[in-house]
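The values are calculated or read from the model by the stated rules, or taken from the named source; none is laboratory data. Treat the numbers as computed from the prediction; the structure is a model and nothing was measured. Cβ: placed from backbone, ideal geometry, glycine included. Neighbour counts: every protein chain shown.
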Amino acid sequence: MNPSTLFALVLTTMVGVSIVAQGSVNAQLLRSTNLWLLLAIGNAFTLGSSLIGFALTKSATPVLAQLTQVPARVLIPSVSGLVITSGMPLAIGRIGVPAAITVVIAVQILASLAWEQMSGSGSLSAMRLFGAALVFVGAMLVVRG
């Protein structure tokens, strides 16, 4: 396995564990803390970390000039992040970690197939659709317990 592939697998493993940890801990904290306070604290940390990263990698172009070049679609990941960080703890609190994560994975597979089809970066095949259907059926079995 080449180093680039190994790195990608390690990263995706870390993302998977992080989604479970973030949603589960926030679901526990929701019992005694307001969700929006948790999100404010988390996003303040993210903002500070991002500003440090930006400062360490800054370019010769002034910040304001860079901001004017950023397209409006930059908000899509931000809104998506808000949906993830607010939705997962609520879902986990109601249906549990395995069901919530399984449904997310099934929907991600369907959404990624649709995204690739609409963007022209991939093609739908019978095998890919069958695999997605298997994951979706598995999600339904996990949810029904």
From the options Ala55, Ala44, Ala40, residue that is more than 18 Å from Val83 (Cα to Cα) and out of contact with any strand residue (DSSP E or B) (no Cβ under 7 Å at 6 or more places or on another chain): Ala55
Checklist (1) at pLDDT below 90; (2) more than 18 Å from Gly16 (Cα to Cα) applied to Phe45, failing item: (1)
Residues satisfying the stated conditions in segment 1-34, i.e. of a type in the set (Gly, Ala, Ser) and under 16 Å from Gly81 (Cβ atoms): Ser18, Ala21, Gly23
Segment 70-84: number of residues that are aliphatic (A, V, I, L, M) and farther than 16 Å from Leu35 by Cβ: 6
From Thr57, Thr33, Thr102, Thr68, residue being surrounded by 12 or more Cβ atoms within 10 Å (Cβ to Cβ), more than 28 Å from Val142 (Cα to Cα) and not small (Gly, Ala, Ser): Thr33
One residue from Ala100, Ala44, Ala111, Ala106 being small (Gly, Ala, Ser), more than 30 Å from Met127 (Cα to Cα) and under 21 Å from the mean Cα position of the chain (by Cα): Ala44
Check on Val17, under 29 Å from Thr102 (Cβ atoms), assigned to a helix (DSSP H, G or I) and either among the hydrophobic types (A, V, I, L, M, F, W, C) or free of Cβ contacts under 8 Å to residues at least 12 places away in the same chain (or both): yes
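Just checking: which of the helices (runs of 4 or more DSSP H) contained wholly in segment 33-145 hold 3 or more residues that are aromatic (Phe, Trp, Tyr)?
It comes to 35-56.
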Close pairs (8 angstrom Cβ cut-off, 6 or more residues apart or separate chains): free of Cβ contacts under 8 Å to residues at least 40 places away in the same chain in segment 118-131, among the polar types (S, T, N, Q) and surrounded by 10 or more Cβ atoms within 10 Å (Cβ to Cβ) anywhere: Ser123/Gln117; Leu124/Gln117
